[in-house]
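Contents: one structure, followed by commentary.
The values are calculated or read from the model by the stated rules, or taken from the named source; none is laboratory data. Please read all numbers here as calculations on a predicted model, not as lab measurements. Here Cβ is always computed from backbone atoms with ideal geometry, including for glycine, and neighbour counts include all displayed protein chains.
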Amino acid sequence: MTIGAKIRNMRTLKNYSQDNMAEMLGISLNAYSKIEREETNVQYARLEQIAEVLKVSILELLSFGEGGMVYINGNVSNGSAGTGTIINSTKEEVEILVELMRLRTENEGFKKEITHLNSIISLLQK
């Protein structure tokens, strides 16, 4: 099962339309539709937001059944679209991978902040 299919299944179980989801997420219908069709990368922060809207934990969103399944995104470092797939994993592996995704997102935020601060330092030095 792909992450898009899993999100779609959870959405339909909640009787939410794509319009409802897009509105609750504060994004366009087109943007939300691309998430379900996996035409865009889904960052950890957005997955957290989707889980919140669906009233499930991020682990529930990324896990499936007793065997523990996890979503592995494509290579986001080069901007290529991810192919969301679900692979068998233990619960502990799922938790580690979720934490890794969270840390990667946090790291990207720090990189942007450092770049911004470096530009301020350069301006102040002039």
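When we screen Val76, Val98 for residues that are of a type outside the set (Ser, Thr, Tyr), surrounded by 16 or more Cβ atoms within 10 Å (Cβ to Cβ), in a helix (DSSP H, G or I) and modelled with pLDDT under 80, the only hit is Val98.
Do any helices (runs of 4 or more DSSP H) lying entirely in segment 1-52 carry at least 2 residues that are touching a residue at least 60 places away in the same chain (Cβ under 8 Å), and which ones are they?
Answer list for segment 1-52: 3-13.
Counting the residues of segment 113-126 that are surrounded by 10 or more Cβ atoms within 10 Å (Cβ to Cβ) and of a type in the set (D, E, K, R) gives 1.
For segment 13-28, which residues satisfy the criterion of being of a type outside the set (D, E, K, R) and surrounded by 14 or more Cβ atoms within 10 Å (Cβ to Cβ)?
Within segment 13-28, Tyr16, Gln18, Asn20, Met21, Ala22, Met24, Leu25, Ile27 qualify.
Taking the conditions (1) modelled with pLDDT of 80 or more; (2) more than 27 Å from Gln18 (Cβ to Cβ); (3) not in a helix (DSSP H, G or I) in turn, Val56 satisfies each one other than (2).
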